[in-house]
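Engineer: Just dropping this structure here.
The values are calculated or read from the model by the stated rules, or taken from the named source; none is laboratory data. Everything quoted here is computed from the prediction, not taken from an experiment. Cβ coordinates were reconstructed from backbone atoms using ideal geometry, including for glycine residues, and neighbour counts include every protein chain displayed. The accessibility values were calculated without ligands, DNA or RNA, using every heavy atom of the protein model including side chains. Shrake-Rupley method; radii C 1.70, N 1.55, O 1.52, S 1.80 Å.
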Amino acid sequence: MDHKAVLFELGRRDPLDWRKRLIVNGKPWGPQLSPVQVIDFKALDPAWLYVTGNSKAEMPEIRRAFLQRSRGYSKSTDIASTLLWSLVYSTKLLPGVVAAATQEQASLILDAAKELISENPWIADNFVTVQKAKLIAKSSGTHIDFIATNAKGAFGMRPKIAVFDEFTHCEDEKFFGAFYSSYGKETDKGAVCVIACNAGYGPIVTGK
């Protein structure tokens, strides 16, 4: 097995190792990662390994995360890196969705993914197709759709990968309820959910 193949297999077993070798801002990402980022990655990586079929361990208990970061603390990039890892390594077709109050907000993570791909072009060359509001794995067919709360068909979702970004800007309680319950239908199959927002905002969705 050549050097690149060895590194690829290491990345399959350890998403954090894969992230550390990504080029970000012209340099390997590993030395740039803060302890907070590493802790957050390690907390949910067993769930990502499980849902993508890359773990023989039992279904991990932690499969949901609330990620709250201050502005500029790499929230979008961190989530985008994990989605890209899932697209590269998933062994099966997984439907995924990134939702937000507006299409512009939903596209923040997509834009971060595109930026990562621009610095690591081998991802698009070999593994991921980039569309206007979607990322698709070339091998497994796993796809991540980026949608706003007014998206048609949103209430029919059954995502194995579910991300709700800019949560505190969402005023549509009905949509968020549908989003979360749709994810809930797949929890017994190892589905993963991340709710993300900036620090300093109280949640607008009240659950009344």
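Engineer: Report yes if V51 is among the hydrophobic types (A, V, I, L, M, F, W, C), in contact with a Gly (Cβ under 8 Å, 6 or more places away or on another chain) and more than 22 Å from R21 (Cα to Cα), otherwise no.
Structural biologist: It is true that V51 is among the hydrophobic types (A, V, I, L, M, F, W, C), in contact with a Gly (Cβ under 8 Å, 6 or more places away or on another chain) and more than 22 Å from R21 (Cα to Cα).
Engineer: From the set of residues in segment 20-60 that are part of a helix (DSSP H, G or I) and among the charged types (D, E, K, R), which is surrounded by the fewest Cβ atoms within 10 Å (Cβ to Cβ)? Break it down stepwise before answering.
Structural biologist: As a first pass, look at segment 20-60 and keep what is part of a helix (DSSP H, G or I): 20, 30-32, 35-51.
Narrowing further to those that are among the charged types (D, E, K, R): 20, 40, 42, 45.
On the way: K20: 18, D40: 20, K42: 12, D45: 19.
Per the criteria, the residue is K42.
Engineer: Within segment 69-87, count every residue that is surrounded by fewer than 16 Cβ atoms within 10 Å (Cβ to Cβ) and in a strand (DSSP E or B).
Structural biologist: Matching residues across segment 69-87 total 0.
Engineer: Report, ordered by the first and then the second residue, all pairs with beta carbons closer than 8 Å, sequence separation of six or more or different chains, a first member in segment 164-176 that is open to solvent by less than 10 Å² (accessible area, probe 1.4 Å), and a second member that is of a type in the set (S, T, N, Q) and not in a loop (DSSP other than H, G, I, E, B).
Structural biologist: D165/S76; D165/Q105; T168/N198
Engineer: Has segment 1-19 got any residue that is farther than 14 Å from V194 by Cβ, open to solvent by less than 60 Å² (accessible area, probe 1.4 Å) and outside any helix (DSSP H, G or I)?
Structural biologist: So far as segment 1-19 goes, no, none of its residues is farther than 14 Å from V194 by Cβ, open to solvent by less than 60 Å² (accessible area, probe 1.4 Å) and outside any helix (DSSP H, G or I).
Engineer: Among the residues of segment 93-108, are any in a loop (DSSP other than H, G, I, E, B), in contact with a strand residue (DSSP E or B) (Cβ under 7 Å, 6 or more places away or on another chain), of a type outside the set (S, T, Y) and open to solvent by less than 20 Å² (accessible area, probe 1.4 Å)?
Structural biologist: The answer is yes, given that some residue of segment 93-108 is in a loop (DSSP other than H, G, I, E, B), in contact with a strand residue (DSSP E or B) (Cβ under 7 Å, 6 or more places away or on another chain), of a type outside the set (S, T, Y) and open to solvent by less than 20 Å² (accessible area, probe 1.4 Å).
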